[in-house]
Amino acid sequence: MPNAIRTEAAENDLQEIAYYIAAKDRRPLVADKIVAEITSKCDSYAQTAGAVGTDAPHLGKGYRTFPHKRWVIIFRYLKIKISK
């Protein structure tokens, strides 16, 4: 079953989004909800095996995007095996 794997940069972006909403907007519960929504979308889109998002060749080979509220998620589908 395919899974979404987030890069370190993606993790940092999620933390920045959460910080901005929680601290700057003073809405910590909303921050948690938004981060959960984004990660859930990424996980569910990982299951679609290439059928989601808009092609974004200007970002690099295989990159795709999809919007979530006021954010744009940048991703690509990879075929890798993770050993357990």
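Taking the stated definitions as given, is D13 among the acidic types (D, E), modelled with pLDDT of 90 or more and surrounded by 14 or more Cβ atoms within 10 Å (Cβ to Cβ)? Let's see the steps before the verdict.
On the way: among the acidic types (D, E): yes; modelled with pLDDT of 90 or more: yes; surrounded by 14 or more Cβ atoms within 10 Å (Cβ to Cβ): yes.
So D13 passes the test.
May I ask you to list the residues in region 65-84 that are over 15 Å from I5 (Cβ atoms) and either assigned to a helix (DSSP H, G or I) or among the charged types (D, E, K, R) (or both)? Break it down into steps so the answer makes sense when it comes.
The first filter runs over region 65-84 and keeps only residues over 15 Å from I5 (Cβ atoms), leaving 65-72.
Once the filter is applied, which keeps residues that are over 15 Å from I5 (Cβ atoms) and either assigned to a helix (DSSP H, G or I) or among the charged types (D, E, K, R) (or both), region 65-84 yields K69, R70.
Say whether the condition of being part of a helix (DSSP H, G or I), at negative phi and in contact (Cβ under 8 Å) with a residue 40 or more places away in the chain is met by at least one residue in region 16-25. Spell out how you get there, then give the answer.
Step one: filter region 16-25 for residues part of a helix (DSSP H, G or I), giving 16-24.
So of that shortlist, the ones also at negative phi come out as 16-24.
The next check asks that each one be in contact (Cβ under 8 Å) with a residue 40 or more places away in the chain; those that pass are 17.
Checked against the condition, which is being part of a helix (DSSP H, G or I), at negative phi and in contact (Cβ under 8 Å) with a residue 40 or more places away in the chain, region 16-25 yields at least one hit.
If we scan region 21-39, do we find a residue that is surrounded by 10 or more Cβ atoms within 10 Å (Cβ to Cβ) and touching a strand residue (DSSP E or B) at 6+ places or on another chain (Cβ under 7 Å)? Give the steps one after another, and end with the answer.
Initially, region 21-39 is screened for residues surrounded by 10 or more Cβ atoms within 10 Å (Cβ to Cβ), giving 21-23, 25, 27-28, 30-39.
Add one more test, that the residue is touching a strand residue (DSSP E or B) at 6+ places or on another chain (Cβ under 7 Å), and what stays is 37-38.
Scanning region 21-39 turns up at least one residue that is surrounded by 10 or more Cβ atoms within 10 Å (Cβ to Cβ) and touching a strand residue (DSSP E or B) at 6+ places or on another chain (Cβ under 7 Å).
Under 6 Å by Cβ, and 6 or more places apart or on different chains, what pairs join a residue from region 59-75 that is free of Cβ contacts under 8 Å to residues at least 24 places away in the same chain with one that is not in a strand (DSSP E or B)?
Y63/A56; R64/G53; R64/A56; T65/G53; T65/A56
The values are calculated or read from the model by the stated rules, or taken from the named source; none is laboratory data. Just so it is clear, the model here is predicted, and its values are computed rather than measured. Every residue, glycine among them, receives a Cβ derived from its backbone with ideal geometry; neighbour counts consider all protein chains shown.
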